[in-house]
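Accompanying notes for the structure given below.
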Amino acid sequence: MSQPVMVASTLQAPTVPDSRWIYLDNVRQKKGPFTDEESFDASGEAVSAMEKMKLLVIGAGGLGCEILKDLALSGFKDIHVIDMDTIDVSNLNRQFLFRQSDVGKSKAEVAARFVEKRVKGVSITPHNCKIQDKDDEFYMQFNIVICGLDSIEARRWINSTLVDLVDNENPESLKPLIDGGTEGFKGQSRVIFPTMTSCIECQLDMHAPRAAVPLCTLATIPRQPEHCIEWAHIMAWEQEKPFPKLDNDDPEHITWLYKKALARAQEFNISGVTYSLTQGVVKNIIPAIASTNAIIAASCCNEAFKIATSTNPSLGFEENYMMYSGNDSIYTYTFKHEKKDDCPVCGNIARNMEIDPNFTLEEFIESLAARPEAQLKKPSIRSEQKTIYMQSPESLELKTRPNLVKKMGELVEDGEEIGVSDPSLGSVNFKYRLRFSKPFKSH
Amino acid sequence: MTEVVTDQTPPLLNGPTDKEKKYDRQLRLWAANGQQALEDAHILLLNSGSGTVGVETLKNLVLPGIGKFTIADSSVVTEADLGVNFFLDEESLGQSRAECCVRLLQELNPDVKGDWFPKQKGEELENLLSVDQKYTLIMYSLPIDPRSLALVQEYSRQQKIPLVALHSAGFYSYFRIILPGSFPIVDTHPDSTATTDLRLLNPWPELSDFAAKLTDNIENLSALEHGHIPYVVLLLYYLKRWKESHGNYPTTYQDKKAFREFVSAGARTDNPEGGEENFDEAVAAVLKTVTVPSIPSSVKAVFDHKPDDAESSSSFWIIADAVKRFYEKHNELPLPGSVPDMKAQSSVYVQLQNIYKAKARQDVAEVLETVRSHPHGNEIDIGEVETFCKNAAFIKLIHGADASPVSIQTIAENEFQSDENAPLTMMPLSLLPIYLALNATSHVPSASASDILAIISKDIPDAASNPRIVKVAEEVARANGGELHNISALTGGMASQEVIKIITKQYIPIDNTCIFDGITSRTQVLRI
């Protein structure tokens with residue numbers, strides 16, 4: 001190559017001066033071949049309607065930072081963000097709105113200020129609290145809710161809250177819910193129209209909880225480094241109480257657990273206990289990187305943009321779920337997850353649940369946490385006839401506690417419907433129809 | 001059995017360093033060696049057009065800590081840039097886009113160096129590429145002027161540097177990776193469920209002896225001992241008995257189902273639990289672990305590859321050849337040596353682990369001997385041989401862009417033919433039209449649908465009669481060369497994952513083009 005070349009001098013994209021949103025307007029003010037003409041409005045009115053929309057972003061972590069950036073540059077003007085967490089140094093490799101000097105500050109507040117400052121004309125209102133602290137009236141004000149969360153529990157709470165909010169007389173009460181999640185190079189994004197399409201609870205079995213290691217393995221026959229760490233975490237700590245309360249973020253506490261686990265591993269000739277593994281097991285750390293967050297957050301915001309503008313069809317009523325995997329090449333699978341009639345949150349019939357009637361109520365309650373389709377950790381249970389067990393208030397707990405040792409066959413009939421509630425998941429009543437898998441032996 | 005030394009070097013009791021703390025969540029994916037590779041990397045971005053997709057890609061590389069990046073972009077920041085590019089602000093208006101983006105990207109990570117080009121107006125791209133500067137990887141965003149493109153392509157070919165092309169417009173995008181020659185990967189990170197290799201149908205003497213000893217008196221073992229025989233030992237025991245009565249191992253699905261029953265019948269049920277967990281584990285493992293290990297096609301591709309002169313003196317190909325000879329001799333790959341967790345007494349499990357580890361070490365020693373006999377074999381680190389042997393069943397070779405090229409006509413024919421069957425096969429439609437339409441605007445800032453169709457028709461003569469191509473061309477024309485931030489952020493996310501895989505030589509990169517459709521939310525990977 002001998003000819004001198006200027007750097008890309010001839011390829012400035014075509015623009016008009018003072019046209020900040022010209023690229024968005026290319027699609028907002030011009031229909032395309034796939035645009036649904038009935039819902040699309042090319043006039044400037046649609047743009048100003050979009051600017052008046054209120055969006056709620058749940059989570060200001062890895063996904064949340066990306067979502068706020070993406071929404072601000074999608075033309076949304078009124079965004080709220082809710083997160084109770086403060087910034088940790090291990091967030092800085094991906095939560096790009098935060099700097100070293102922000103460590104310890106509220107994620108929601110720092111993220112909101114940053115994006116407001118960077119993108120002129122956008123308003124971002126931070127809420128430094130738990131989602132459970134807000135009432136129905138708060139959630140009612142939004143047009144679209146986007147979640148970037150790392151906890152199944154919080155997702156289930158907002159899902160059941162938005163399903164509950166739907167009032168058939170009031171179309172405004174239906175808030176599209178867009179949810180993203182990542183782990184390492186993998187992730188998923190999904191769009192939910194509460195009560196109309198498959199909800200988070202319908203899809204719960206796609207996110208089965210990790211099987212817990214039996215306590216007797218930890219106590220007597222550890223084989224893996226993780227077993228030694230769990231032993232230190234669950235048993236040694238309780239026994240020795242080196243500090244008043246375990247703080248997963250305190251390096252001194254993690255070091256104590258690490259040393260305990262290491263000693264135990266050496267006793268059993270088990271190799272592989274490290275500080276990093278100890279921290280990973282105790283805090284249940286999920287690997288997270290900027291690039292995967294970028295993919296999933298942008299996918300969520302692309303769907304929000306299409307829902308808000310009708311510029312092109314969105315996920316939702318047909319395909320509603322995109323799975324992404326980047327471990328081996330790039331593989332995505334976009335499909336329709338069907339709504340379940342027996343979904344405990346959005347369905348109208350009770351879900352069948354097989355139980356052994358010879359289990360005690362206590363054993364049944366424990367099994368609810370592990371069942372992929374239930375995953376209820378602190379359930380209160382009512383049958384059609386009576387209250388079987390209540391976690392709170394204390395007086396009711398005391399009154400129903402004797403039932404814990406009774407066998408299920410004594411408390412319910414085969415085929416009876418029970419209602420289960422778990423305050424961490426909202427006010428929803430999960431309905432199950434119990435089917436006995438074995439004959440009940442009363443004695 | 002030879003004595004087994006357990007590798008128990010006590011780890012340091014120090015907590016993590018500051019860097020380990022900051023990068024904790026990614027070190028769990030690519031470990032210290034992957035991180036080092038990133039920190040040694042220098043990436044060049046040739047930016048043009050509406051200029052966002054490349055910057056979004058860089059953002060996801062600056063955050064995890066690449067060593068250095070350079071942006072070459074002669075554009076001046078306009079109002080429209082501020083509506084799509086997050087790494088510009090009000091103060092940037094009228095200034096060099098390269099310099100402003102570098103400044104705001106660098107804020108993300110003080111450990112990363114950033115530089116921009118041109119420093120003076122009118123400076124030529126050749127100056128940047130002729131400087132004695134070694135880039136690890138070069139990215140360019142489209143549309144790009146043809147002469148710059150030719151220059152950077154020529155440079156990457158000569159210097160053997162991977163090249164990444166990025167094109168995002170409206171709801172569509174694609175990116176393409178051009179590797180300079182074949183790209184082998186050892187550390188592919190297969191799913192842990194896929195890696196179990198227990199050699200149950202071909203146990204070596206130490207393993208058979210161990211199993212025989214534990215099951216010698218199986219009927220009379222105490223409840224505790226019986227309930228804690230590792231499932232590997234149970235399966236070996238029942239396989240031996242099955243073979244004695246049937247003359248061979250269970251191989252068909254029917255046989256294996258019967259074998260499962262046979263194992264299950266051995267469990268004691270006269271206990272409070274009404275069964276034994278180790279037997280449940282054994283029954284559940286039959287279909288997956290009672291198999292003759294076969295050699296995966298990706299490994300066969302490595303064995304069949306004839307490395308050229310430059311390749312053949314590299315450690316990968318020297319080890320690959322030694323493993324191939326190992327395979328030819330034993331009809332098995334070296335044993336990975338890991339044992340999944342299973343119900344067992346601690347000491348028994350550790351003994352079992354050690355038997356597998358010892359065999360794995362023995363296999364490594366044999367491979368190492370072959371490696372050492374190669375003229376360059378003495379320079380190869382034993383750790384590299386160990387890693388190779390451990391991952392032998394999952395090694396992967398991606399061919400360079402120049403190897404066995406297929407014409408775009410042939411690709412189009414295949415894609416559109418399978419589209420015709422799509423209603424029957426329920427497969428999604430090909431995204432090739434998106435690539436074709438974007439590719440038609442590689443060197444122009446915007447184009448009409450008919451311009452785009454005219455260019456596609458040069459390669460695909462009947463393009464205008466394919467309604468999908470026509471519609472996609474209209475959609476590309478609608479965007480008028482402008483990026484949508486979401487699509488560029490998503491594409492930048494995917495491209496940065498691929499760049500990380502290439503730089504760390506971990507996980508498996510795409511081969512070689514990924515097309516994204518933001519309307520249906522689908523991707524497709526094609527070799528183009």
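The values are calculated or read from the model by the stated rules, or taken from the named source; none is laboratory data. Since this is a predicted model, take the numbers as computed values, not measurements. Neighbour counts are summed over all protein chains in view; Cβ atoms, including those assigned to glycine, are modelled from backbone coordinates with ideal geometry.
Values computed for the structure shown
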quantity	calculated
Residue check, B:Lys343 part of a loop (DSSP other than H, G, I, E, B) and either of a type outside the set (Val, Ile, Thr) or buried (at least 18 other Cβ atoms within 10 Å of the Cβ) (or both)	yes
Hits in segment B:330-355 (condition: away from chain A (no Cβ under 13 Å) and free of Cβ contacts under 8 Å to residues at least 40 places away in the same chain)	B:His330, B:Asn331
Where A:Ile124 falls short, out of the listed (1) assigned to a strand (DSSP E or B); (2) touching a His at 6+ places or on another chain (Cβ under 7 Å); (3) among the aliphatic types (A, V, I, L, M)	(2)
Residue in segment B:513-521 that is surrounded by fewer than 20 Cβ atoms within 10 Å (Cβ to Cβ), among the charged types (D, E, K, R) and more than 8 Å from every other protein chain (Cβ to nearest Cβ) present	no
Condition broken by A:Gln132, with the remaining ones in (1) more than 14 Å from chain B (Cβ to nearest Cβ); (2) touching a Phe, Trp or Tyr at 6+ places or on another chain (Cβ under 7 Å); (3) without any contact (Cβ under 8 Å) to a residue 24 or more places away in the chain satisfied	(3)
Which listed residue, of B:Phe279, B:Phe316, is among the aromatic types (Phe, Trp, Tyr) and either farther than 20 Å from B:Gly377 by Cα or without any contact (Cβ under 8 Å) to a residue 40 or more places away in the chain (or both)	B:Phe279
Check on B:Leu438, in a helix (DSSP H, G or I), in contact with a His (Cβ under 9 Å, 6 or more places away or on another chain) and at negative phi	yes
Only one of A:Met353, A:Met323 that is part of a strand (DSSP E or B) and within 14 Å of another protein chain (Cβ to nearest Cβ)	A:Met323
Selected residue (criterion: surrounded by the most Cβ atoms within 10 Å (Cβ to Cβ)) from residues of segment B:20-42 that are within 14 Å of B:Val112 (Cβ to Cβ) and charged (D, E, K, R)	B:Lys22
Residue that is nearest to the other protein chains (Cβ to nearest Cβ), among those in segment A:257-278 that are free of Cβ contacts under 8 Å to residues at least 12 places away in the same chain and over 23 Å from B:Leu27 (Cα atoms)	A:Asn269
Condition met for A:Ala297 (within 30 Å of A:Leu97 (Cα to Cα), of a type in the set (Gly, Ala, Ser) and either over 29 Å from the mean Cα position of the chain (by Cα) or crowded, with 24+ Cβ neighbours inside 10 Å (or both))	yes
Unmet requirement for B:His228, which otherwise passes all of (1) under 43 Å from the mean Cα position of the chain (by Cα); (2) farther than 26 Å from B:Ser347 by Cα	(2)
Count of segment B:71-116 residues which are surrounded by fewer than 24 Cβ atoms within 10 Å (Cβ to Cβ), of a type outside the set (A, V, I, L, M, F, W, C), under 34 Å from the mean Cα position of the chain (by Cα) and not in a loop (DSSP other than H, G, I, E, B)	6
A:Ser367 being more than 28 Å from A:Ser198 (Cβ to Cβ), among the hydroxyl-bearing types (Ser, Thr, Tyr) and not assigned by TED's automatic domain parsing to the domain that holds A:Ile178	no
Test: residue in segment A:322-339 that is under 30 Å from A:Ala42 (Cα atoms) and among the hydrophobic types (A, V, I, L, M, F, W, C)	yes
Residue check for A:Lys186: in contact (Cβ under 8 Å) with a residue 60 or more places away in the chain and more than 30 Å from A:Asn429 (Cβ to Cβ)	yes
Residue selected from segment A:82-113 under the condition β-branched (Val, Ile, Thr) and in a loop (DSSP other than H, G, I, E, B), by the criterion nearest to the other protein chains (Cβ to nearest Cβ)	A:Val103
Answer residue from segment B:117-149, given it is surrounded by fewer than 21 Cβ atoms within 10 Å (Cβ to Cβ) and β-branched (Val, Ile, Thr) and is nearest to the other protein chains (Cβ to nearest Cβ) among those	B:Val131
Tally, over segment B:207-225, of residues that are assigned to a helix (DSSP H, G or I), more than 45 Å from the chain's Cα centre (by Cα) and among the aliphatic types (A, V, I, L, M)	2
